[in-house]
Amino acid sequence: MKTIATALMLATLTIPLAACGGKGDDKLGSQVEGAAENRADALEAAADNLEDRAEAVRDQGEKQGEAVDDADVNAAAMSEEQKAALVNGSAALR
């Protein structure tokens, strides 16, 4: 009978500890997961923003390239600096 009573007492003490992990770390673990989720969301938002900016750069480059073709620019008469400025997107056609 003492063995059964001891076993029941141990079971009674063990069950609440098993339910919460016994160290109070559930809340901390949730905070860690939540913070990581927030960081991941911020990274995804930044990636989306960069993707949109990259697409805008592509579109602008395509428009500028077409403008150069349409303007029938005499590239032979341009200096290397002028050509580089057009290629780098820091100059506009006149």
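Details
- Scanning the range 43-93 for residues that are of a type in the set (V, I, T) and out of contact with any Leu (no Cβ under 8 Å at 6 or more places or on another chain) gives V57, V87.
Per-residue answers, yes or no, for (1) over 28 Å from the mean Cα position of the chain (by Cα); (2) open to solvent by 90 Å² or more (accessible area, probe 1.4 Å); (3) modelled with pLDDT of 90 or more:
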| position | (1), (2), (3) |
| --- | --- |
| L13 | yes, yes, no |
| L17 | yes, yes, no |
| G21 | yes, no, no |
| Q31 | no, yes, yes |
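The values are calculated or read from the model by the stated rules, or taken from the named source; none is laboratory data. Note that the structure is predicted; figures quoted are calculated from it, not measured. When we count neighbours, we look across all protein chains shown, and the Cβ atoms used for this are built from the backbone with ideal geometry, even at glycine. Surface areas here come from the heavy atoms of the whole protein model, side chains and all, with no ligands, DNA or RNA. Shrake-Rupley method; radii C 1.70, N 1.55, O 1.52, S 1.80 Å.
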